[in-house]
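Worksheet for the structure shown next.
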Amino acid sequence: MLKLTDNFGRSIHDLRISITDRCNYRCVYCRTGTNGAAYAELPFDDYLRMARILVGLGITKIRLTGGEPLLRKGIVEFVRDLAKLRTLDGKKPEIALTTNGHLLAEIAQPLKDAGLDRVTVSMDAVDPERFARITRVPNGYDSVLAGVRASRQAGLDPVKINCVLLRGFNEDQIIPFGMFTREERVVVRFIEFMPLEEDRVWTPEIVVRLDEIVERMSEYLPLEEMTHEHSETARRYRFSDGVGEIGIIAPVSHPFCGHCSRIRITSDGKLRTCLFSAWDHDLHELMQRGATDEKLTEFIVKVVEKKEERHHIGEPGFVPASRTMVHIGG
Ligand code: SAM
């Protein structure tokens, strides 16, 4: 049985598909204030064919992302079609979604009913005014909070919150997020800021690192580190009274490339083997030229074998990725 493995022996079982690179938010650390480049979107059937082939090669988890994936009409039907695929073990693939949550309240239950297992909502502040300054959209906070609550209500479990902290901007939100995880019964995950933004503002100093987050949060309530799966990207902690969980994804201070299990498909159908890839690989063009499933499989296997060993964030001679986060799919 052919399973995706790279030349460093890593097994690849995690797929992210960006279904659009349009976004209704303009988060200060992600996008410029203007519209900028936009790549094509493919019909859902094209992503579905790619996903089917990849699931046949050992992918067990599919995350839909963007841009903002909920801007795409037809996402519920797409999830329903993905849920009909079967992994090499004969199971339904795990299906997850990353969203800014703005349009989530209405669609959380239909997505769950269609086969969505989990949702991650991005929130970089838990106060409405700060939230608006970060997203550059007025009055978004209440919609997102409603989306978070609707997701829990729909049984999307656990609901995770992604928060990117920037020094001097929202680092004071650490403890408020500690309260939020306890009150809203969601898992809050802090992600270290990576140099993947459109405005090229990244510096090592702006990154709020794992140790600092743990130290600051412990001033609020004592934390206990939890055991985590080998391939899990987040270090997990719970409060010592058992209420509330936080995770920290620390690609800058504690890189986890050695057990990376991910590949990505961009909205225009390019295969990427690393967030920081300097190239991507045009799977869609091959499809357009009439390639058979066997040809596509051969192409994918060869591309994945050459997955980059690691990223080089913060090292001299660091070469920026060929695309920024919003155009890759975070
Ligand atoms: N629009 C959706 C959302 O807001 O979740 C999906 C796309 S967004 C690019 C995915 C995630 O990437 C968000 O949680 C966002 O905070 C995170 N992100 C964006 N730029 C980042 C960067 N430079 N470093 C780390 N995370 C970043």
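The values are calculated or read from the model by the stated rules, or taken from the named source; none is laboratory data. If you're wondering where the values come from, they're calculated on a predicted model, not measured in any experiment. All Cβ positions, glycine included, derive from the backbone under ideal geometry; neighbour counts span all protein chains shown.
Structure notes:
- Yes/no for residue 304 being within 15 Å of the ligand (Cβ to nearest atom) and part of a helix (DSSP H, G or I): no
- Residue 272 touching a residue at least 24 places away in the same chain (Cβ under 8 Å), within 16 Å of the ligand (Cβ to nearest atom) and basic (Lys, Arg): yes
- The single condition among (1) closer than 23 Å to residue 23 by Cα; (2) outside any loop (DSSP other than H, G, I, E, B) that residue 287 does not meet is (1).
- Residue list for region 224-245, restricted to those being among the hydrophobic types (A, V, I, L, M, F, W, C) and in contact with a helix residue (DSSP H, G or I) (Cβ under 6 Å, 6 or more places away or on another chain): 243
- Among the residues of region 143-193, those identified as away from the ligand (no atom under 14 Å from the Cβ), in a helix (DSSP H, G or I) and closer than 22 Å to residue 218 by Cβ are 171, 172, 174, 175, 176, 178, 179, 180, 181, 182, 183, 184.
- Selected residue (criterion: modelled with the lowest pLDDT) from residues of region 14-34 that are more than 9 Å from the ligand (Cβ to nearest atom) and polar (S, T, N, Q): 34
- Residue tally, condition aromatic (Phe, Trp, Tyr) and within 24 Å of residue 116 (Cα to Cα), over region 131-175: 1
- Exclusive hit being of a type in the set (S, T, N, Q), outside any helix (DSSP H, G or I) and within 13 Å of the ligand (Cβ to nearest atom), set 322, 267, 277: 267
- Positions within region 231-246 being part of a loop (DSSP other than H, G, I, E, B), within 22 Å of the chain's Cα centre (by Cα) and modelled with pLDDT of 95 or more, in sequence order: 244
- In region 22-33, the residues that are part of a loop (DSSP other than H, G, I, E, B) reach residues that are near the ligand (Cβ under 8 Å from one of its atoms) and not hydrophobic (A, V, I, L, M, F, W, C) with C-beta atoms within less than 6 angstrom, at least six apart or across chains, in these pairs: 22/67; 23/67; 23/68; 24/68; 25/100; 29/197; 30/197.
- Selection status of residue 277, surrounded by fewer than 17 Cβ atoms within 10 Å (Cβ to Cβ), among the polar types (S, T, N, Q), under 21 Å from the mean Cα position of the chain (by Cα) and at negative phi: no
- If the condition is being touching a helix residue (DSSP H, G or I) at 6+ places or on another chain (Cβ under 7 Å), under 19 Å from residue 8 (Cα atoms) and of a type outside the set (Ser, Thr, Tyr), then region 261-286 contributes 263, 264, 271, 272, 275.
- Pairs linking a residue in region 183-209 that is more than 21 Å from residue 228 (Cβ to Cβ) to a residue that is away from the ligand (no atom under 11 Å from the Cβ) and part of a loop (DSSP other than H, G, I, E, B), with Cβ atoms under 6 Å and 6 or more positions apart or on different chains, are 198/32; 199/32; 204/314; 206/167.
- Condition check for residue 208: within 13 Å of residue 121 (Cβ to Cβ), out of contact with any Pro (no Cβ under 7 Å at 6 or more places or on another chain) and surrounded by 20 or more Cβ atoms within 10 Å (Cβ to Cβ): no
- Selection status of residue 292, free of Cβ contacts under 8 Å to residues at least 40 places away in the same chain and among the polar types (S, T, N, Q): yes
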